Amino acid sequence: MRPRTWLDLVAEILFYFSGRIDRRTYWLSVCGIWLALAVISLVLFFVDSSILYTQDQSSLELIALPWLWPFMAVHVKRLHDRGRSGWWSGLIFVPPFYIGIFIECAFLPGRVGPNAFGAAPLRVKRPV
């Protein structure tokens, strides 16, 4: 069996719905997803602005659609760390509830020790 690389870790975080991640990994993942989406949108804008500005906005939705999977995977794993079912992440599509899901994922600490969704994420202890 080959050793795990950083690419394996990134793929596990962004594409699989099982396991847990801590707040730091959540923030890095969500910011990375939004940054990638912004860069792709800017590139397409400068190549051909008609791609992004159509009457029905369907092209912009098609650009954002592939990013939905990693966005959901990150939220599911973060909710797992909080001890909640990943099904709660479906509430990110309901605007009033998204704020609550975001606060829970972004600011509240995860459960200490293992829970029903796996072992606690590895936390790097920094020297004092």
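The values are calculated or read from the model by the stated rules, or taken from the named source; none is laboratory data. Keep in mind that what you see is a predicted model, and the values were worked out from it rather than measured. Note that we place each Cβ from the backbone using ideal geometry, even for glycine, and neighbour counts take in every protein chain shown.
Some points to look at:
- Residues (under 12 Å from Phe71 (Cα atoms) and surrounded by 14 or more Cβ atoms within 10 Å (Cβ to Cβ)) located in the stretch 29-44: Ser29, Val30, Gly32, Ile33, Leu37
- Residues (out of contact with any Lys or Arg (no Cβ under 8 Å at 6 or more places or on another chain) and surrounded by 15 or more Cβ atoms within 10 Å (Cβ to Cβ)) located in the stretch 1-24: Glu12, Leu14
- Within the stretch 12-23, residues that are under 21 Å from Phe107 (Cβ atoms) sit with their Cβ atoms under 6 Å from residues that are at pLDDT 95 or above and among the hydroxyl-bearing types (Ser, Thr, Tyr), at 6+ positions apart or across chains, in these pairs: Ile13/Ser29.
- Selection of helices (runs of 4 or more DSSP H) fully inside the stretch 47-120 by the criterion of at least 2 residues being modelled with pLDDT of 90 or more and surrounded by 11 or more Cβ atoms within 10 Å (Cβ to Cβ) returns 68-81, 95-107.
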